[in-house]
Amino acid sequence: MPKDPVCGMYVDEKTSLKKVIGNRTYYFCSESCLKTFEDPEKELKSMKRRVTIALSGVLLLAALRVIAMFSLAAGVTLVTWAPIPELPWFTWGYWLFILTTPVQFIGGWSFYTGAYTALKARRANMDLLISIGTLTAYFFSVFVLFFPDALPIKEKDVYFEVSAVIIAFVLLGKFMEDYMKSSTSAAVRKLMDLRPSMAKVIRNGEEVEIPAESVMVGEVVVVRPGEKIPTDGVVVEGQSAVDEKMITGESIPVEKKAGDAVIGATLNKVGMLKFKATQVGADTTLMQIVKMVEEAQASSAPIQRMADRISAYFVPAVIITAFLTFAVWYFIFGNFTGGLLAFVAVLIISCPCALGIATPTALMVGVGKGAEAGILIRGGEYLERAQKLQTVVFDKTGTLTKGEPSVTDIIAEDDNEVLSLAAIAEKGSEHPLGEAIVRSAREKGIDVKDAEYFEAVPGHGIKVTVEGKQVLVGNRRLMQVNGIDTGNLEQNIQTLETQGKTAMLVVTNKKFIGIIAVADTLKENSAEAVAELKKIGIETIMLTGDNERTAKAIAKQVGIDRVIANVLPGEKADVIKKLQAEGKVVAMVGDGINDAPALAQSDIGIAVGSGSDVAKETGGIVLIKDDLRDVVSGIKLSKATMKKIKQNMFWALGYNTAAIPIAAVGLLNPIIAAAAMAISSLSVVANSALLRRFKFDREV
């Protein structure tokens, strides 16, 4: 059953209101929640008006009470909720009725609509408790005022003030809660504010200025120094340095030239650039980030399900408790007034609103804080899993290393022939090792022709036909599959592998003609990230398709103790399964398409920002900055967020458990109960807001 993303109540798909955004449908319990979701600022203003009406009415009631006090004989005790039997009740009762009614039905309208929707869905919620309590006090007072002889009781006092003050307090508390919650979503608003409003494009050979959202894919956009880049694209002309820190967090501007990608909302610093738009509107990197953050903030953590289950039984139990309380007071002790006040107090003090917001508020702040630091968390379930992590598995190429390998050695009689044939074979490959070979050949002026036949063998290498010759380029496994013995070359291969290099064997018509060694450079922060993970007691593993010697040489440099090598792309997910079968909570950190199954299989897939779109779609956490230290930062943020959630849950449950008996025995009048309930909710929101003070290790 879907949940309302605003109030958290479970709703019926058939009877609830809904809104479709992209490929996702949101369901709402009421028009108020739908409006809040569509335009939170507008709904906040509307609530502010209702709060103003409610508080104005209560202040007038208080003023009336002061007048009444000075009109009474000396010795009368002033208690806000107490009746005034010494005064003509008819006169004062009418004044109270006139002042309370707008508060009751304008200020409290949202509670009644929420209660109606809950009843229609056969569910109970906070609005139902408030509605029963305040309407009981209000309509009892109406009957006393207009039909005094219709009630078979001696007490003929009115309690309009009780109802009005409860509504004012609860509404004020909810307004302050929503205001504080809106401030916690500042991360999304900051991201949205990064978008430039206008863009300059070339149309019919002329430069024209149009709204940024009107740019179409394929159009050439012009950006001058000091201007923001309006959308994603690829540079076709010009050279400049672009400040990308608002997206990636990197403070050093990135050099851009023809062929380089640019990201919308980043700042062009130096020269003029012309680029072709590749993603526009909702498809841009910025808007995808915004979408991810919004969806994560609207999600719930598994721990919230416990709160939901408690609330589902708690509210009906409270209603029964309230009626039993009244019955005991009236039928056993004969005190109707005490029973009525205790009945209302139990309903109001028991509202589980603090329990309902314990998880969402902390989640909203935690996800927003992560987004500001370039750590995108897709939902509450990943926050909860991250704080339980025991093992982090790293892919090698492009994750621990830069993914920009280069040719370091060629062992052959004719270096150029070997490099030429290998480059022709790898020309159609997207693997970083293959790209390094093609790049090296072109740098040496070798003409890289097209192969007559091309076949990629995942985890092994490439098979091609060049000028009628069969050429194999790959590792030992490719040679073994094709019946070629590598024994004579083992010494050379092992020497290269112990140096952390990958040996690519080149064969023509089943005859060895050479070995090409390719090596990648470690990322600057890889070793530091691994060391930080070890400090917090997390096991680190390298998972790679490379051979064991090369993998161990790289692992030694970064400080990883356990290596799982020679793993084919399709086997990576199986390795993760085996680790999970050992009882470990596992995160997989990767960047490539071949990492996607393993990312999906792991408890948390962590996709590094420079990787493929497939990897990012699969990852539960995305590191925009491509900084592996953010793996540690994400885990620490998750632990801090879960700590806040548990604190909030403990407070909310403890508050309700302690307060109900106090209210039931008559030690808590309804107005104080309303104030206490509002303060309880505000304390949960304020505690969650403290997460904004969370400092990442590298923050100054």
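Taken together, the values in this text are just the output of simple stated rules run on the coordinates, not laboratory data. Treat the numbers as computed from the prediction; the structure is a model and nothing was measured. Every residue, glycine as well, gets a Cβ built from its backbone with ideal geometry; the counts of neighbours run over all protein chains shown.
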Any lysines whose Cα falls less than 18 Å from that of K469, other than same-chain ones fewer than 8 residues away, would be K427, K449, K510, K511
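Starting from the Cα-Cα distance between E404 and K695, subtract it from 0.36 nm times their residue separation and give me the gain in nm to one decimal. Don't jump to the answer; show the numbers that get you there.
Values: separation 291, 0.36 × 291 = 104.76 nm, distance 3.23 nm.
Fully extending the segment from E404 to K695 adds 101.5 nm.
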Take peptides 123-129, 232-238 and line them up by average Cβ neighbours within 10 Å, highest first, as a rough protection proxy. 123-129, 232-238
Expected unfolding gain across R49-E372 under the 0.36 nm per residue rule, minus the alpha-carbon gap, is 113.0 nm
Loop-resident GluC sites (Glu not before Pro) in the stretch 407-511 with no more than 13 other Cβ atoms inside 10 Å, DSSP not H/G/I/E/B, are E413, E430, E452, E467
Potential extension, K511-D149 segment - 0.36 nm per residue separation minus Cα distance: 119.1 nm
Quick calc: nm separation of the 7 Å Cα→Cβ label points for A527 and D157 -> 7.8
Where the eigenvalues come from the Cα gyration tensor of the stretch 468-539, what are the semi-axes √(5λ) of the equivalent ellipsoid, largest first, in whole Å? 35, 12, 11
Give me a comma-separated list of calculated 3J(HN,Hα) values for the stretch 545-562, in order, Karplus coefficients 6.51, -1.76, 1.60 applied at θ = phi - 60°, integers in Hz, x for any Gly or Pro. x, 6, 6, 5, 5, 4, 4, 5, 5, 5, 4, 4, 5, 9, x, 7, 8, 10
In nm², the average projected area of the convex hull spanned by the Cα atoms of the stretch 620-700 is 7.2
Between Q494 and I446, Cβ-based FRET efficiency (R0 35 Å, step 0.05) works out to 0.75
Inter-part gap, Cα centre of the stretch 376-436 to Cα centre of the stretch 452-487, in whole angstrom, is 19
Say R0 is 41 Å: what FRET efficiency, to the nearest 0.05, do K276 and E582 get from their beta-carbon distance? 0.25
Placed amide H near V262: partners under 5 Å, 5+ positions off or other chain: G233, V234, V235
Would you calculate the convex hull of the Cα atoms in the stretch 533-688 and tell me its volume per residue in Å³? 152
Label model pair S56, L324: point-to-point distance (7 angstrom along the Cα→beta-carbon line) in nm is 4.4
On a straight-distance basis, which lysines could pair with K48 in a cross-link, Cα separation under 19 angstrom, same-chain partners fewer than 8 positions away excluded? K35, K174, K181
Please list 133-145, 324-336 highest first by mean number of surrounding beta-carbon atoms within 10 Å per residue. 133-145, 324-336
At what distance in nm do the modelled label points of E571 and K535 sit from each other, each positioned 7 Å from its Cα along Cα→Cβ? 3.6
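In the structure displayed, which of K444/K552; K274/K396; K402/K534 lie more than 26 Å apart, Cα to Cα? Walk me through the intermediate numbers first.
Values: K444/K552 31 Å; K274/K396 35 Å; K402/K534 22 Å.
From the list (K444/K552; K274/K396; K402/K534), the Cα-Cα distance tops 26 Å for K444/K552; K274/K396.
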On the formula 1/(1 + (r/R0)^6), with r taken between the Cβ atoms of A261 and S683 and R0 of 51 Å, the FRET efficiency rounded to 0.05 is 0.65
